[in-house]
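Okay, so here's the structure we're looking at.
Read-outs: derived from the displayed coordinates by stated rules, not from any lab. All values derive from a computational prediction rather than experimental measurement. Cβ atoms come from the backbone with ideal geometry, glycine included; neighbour counts cover every protein chain shown.
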Amino acid sequence: MEKTCSNGHTFFKTSNCSVCPLCEKERTPVADFLTLFPAPARRALENHGIITLERLAATSESELLSYHGFGPSSIDIVRRLVI
Ligand SMILES: [Zn+2]
């Protein structure tokens with residue numbers, strides 16, 4: 001049976017497990033650094049797939065600031081993380 005999760009992934013429901021495997025895969029490597037950000041900024045990063053320090057370092061500050069929920073105080077956190 002095909003299912004679509006809340007993030008729009010389509011996957012085949014197997015046995016009695018209805019957890020989206022793609023979301024699970026994305027969830028597992030979430031790094032500790034995300035917990036340093038306030039919830040709105042953390043959601044903004046997650047929504048843009050920035051769930052590793054490598055991705056964070058590769059994203060410009062102006063782009064981060066364009067994300068909804070990501071403010072200047074979160075940039076300070078980024079600067080401390082990414083040197
Ligand atoms: Zn999903």
*Cα pair distances of the stretch 31-83 binned at 10 Å [whole percent]*: 27, 69, 4
_Give me the one-decimal nm value for the distance between modelled label points at residue 47 and residue 23, 7 Å along each residue's Cα-to-Cβ direction._
1.6 nm
*Residue-averaged 222 nm ellipticity for the chain, from DSSP H runs of 4+ at -39500 (n - 2.57), nearest 500*: -11500 deg cm²/dmol
_Spacing of the two label points (7 Å from each Cα toward its C-beta) at residue 6 and residue 83, in nm_ = 3.8 nm
